[in-house]
1. Could you order the peptides 330-336, 278-284, 123-129 from most to least packed, using the average number of other C-beta atoms within 10 Å per residue?
2. Extending each Cα 7 Å along its Cβ direction at residue 283 and residue 204, get the distance between those two points in nm, one decimal.
3. On a 27 Å Cα-Cα criterion, which of the cross-link pairs 221/270; 306/383; 232/289; 264/383; 250/314; 221/306 come out too long?
4. Describe numerically, in nm with one decimal, the distance between label points set 7 Å from Cα along Cα→Cβ at residue 334 and at residue 363.
5. Multiplying the sequence separation of residue 128 and residue 377 by 0.36 nm and subtracting their Cα-Cα distance, what value in nm do you get?
6. Could you give me D for the stretch 341-399, from Stokes-Einstein at 10 °C and 1.306 mPa s, where the hydrodynamic radius is the Kirkwood radius over C-alpha pairs? Units µm² s⁻¹, please.
7. Let me spell out the model: positive unit charges on the Cβ of Lys and Arg, negative unit charges on the Cβ of Asp and Glu, origin at the Cα centre of the stretch 221-468. What dipole size does that give, in debye rounded to 20?
8. Please list, in order along the stretch 222-235, the HN-Hα scalar couplings obtained from phi with the Karplus expression 6.51 cos²θ - 1.76 cosθ + 1.60 (θ = phi - 60°), rounded to whole Hz, x for Gly and Pro.
Amino acid sequence: MSPPLLKLGAVLSTMAMISNWMSQTLPSLVGLNTTRITTSDTLTQISPKEGWQVYSSAQDPDGRCICTVVAPEQNLCSRDAKSRQLRQLLEKVQNMSQSIEVLNLRTQRDFQYVLKMETQMKGLKAKFRQIEDDRKTLMTKHFQELKEKMDELLPLIPVLEQYKTDAKLITQFKEEIRNLSTVLTGIQEEIGAYDYEELHQRVVNLETRLRDCMKKLTCGKLMKITGPITVKISGTRFGAWMTDPLASEKNNRVWYMDSYTNNKIVREYKSIADFVSGAESRTYNLPFKWAGTNHVVYNGSLYFNKYQSNIIIKYSFDTGRVLAQRSLEYAGFHNVYPYTWGGFSDIDLMADEIGLWAVYATNQNAGNIVISQLNQDTLEVLKSWSTGYPKRSAGESFMICGTLYVTNSHLTGAKVYYSYSTKTSTYEYTDIPFHNQYFHISMLDYNARDRALYAWNNGHQVLFNVTLFHIIKTEDDS
């Protein structure tokens, strides 16, 4: 029971005790012990001649205590001791009646206060219940979000575990660099303390070891695409531009092939800077027109699809001659199985860290993508993999480390949606977005040397950076 209710109960109990005391005590005070008083609503009728009578009822309809005193008939001894006692008693009764009236008013006020407090407490209880329900809902939502984040991170655990193997090697490199920094600082303070040739040799050796370490980087898995970087704005909406992934570090030639059909002219630039400025170094007039925009330059030669055929041509830039040509058996051509944008993009030639590839579709594979590894000299198919992804549903595709990555569109909102590993002959659906800045992509190829994607984006020649997960091989893995 709440404190206000306890207070009300105490007040009512006190009133009952006072009523009982008056009914028991008043007769004895005036010498009327022989008179019986009843606490019921029926009063005992006694003649006034018999002495002082007290009529009592427990309470009236409003809950107040009632006392009635009847005096006997007057006689000559009206001022005796009993008269004085009676007057004193009447004064006390009067005072007690006033006190009870005040107490009754307080009781009614407290009762109203209790009712008000009860209403407020019910409202407060409802609010607490609502807060508790909201807290549970909020906790459930946060828990689900955390669980989803953990599910996203779980695939990274095996990759992180593999990186532990290179911890010792990296620590050694850090120690070598720290030692060299200390030596260089000491040389500034004390000339001649170390032989310059010896110090230079240590730097060269460290650089060699670092390069060897970089060469041990195995193929990585595509995780992110950033950019693009706009290199130039030129040509029609469709075309191709590329560099040779097997060229030396000093050889930065760029080749430019505008349009997807009815053209045989290839323009060459000595560097990216010359390409941007438009300073051509050489022009090649191919013996055949090409089809599509999916050509590739690999080890000094151009590989392209001959117009209106499934024949692949290998053309040498050094000799200006066709070195090889071969029909890609069963491959669709001339917009039978193109990418989503059309443009005779049935046969896509590409290169990565592993070698030369052709991506196309056949009737035998129900129009789904087929991946074939080619011999770069003879164009013979070394091995093929049949996927379940429809060629006509693909926007573009490219190879990285033997894995084919397929986009779901050539328009805005495109992303890398599907990948197929030729190493494991397995596929997975991915979700790697990239920014299609100029709304229409007609060429997208990976360059292993630059670790970048070359793209023709609606008359803009652009580059995308890629983020790969690499695994460093240690001496124990050799």
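1. Ranked by mean Cβ neighbours within 10 Å, highest first: 330-336, 278-284, 123-129.
2. Result: 4.7 nm between the two label points.
3. Violating the 27 Å Cα-Cα cut-off are 221/270; 264/383; 221/306.
4. 1.4 nm
5. 81.7 nm
6. Numbers: Rh = 11.9 Å.
Here the translational diffusion coefficient equals 134 µm²/s.
7. With Lys and Arg at +1 and Asp and Glu at -1, about 220 debye.
8. For the stretch 222-235, the Karplus curve yields 5, 10, 7, 10, 10, x, x, 9, 7, 8, 7, 10, 6, x Hz.
Bear in mind that the values in this text are calculations on the coordinates, not laboratory data. Here the structure is a predicted model, which means the values were calculated and not measured. So basically every Cβ, Gly included, is an ideal-geometry build from the backbone, and we count neighbours across all protein chains shown.
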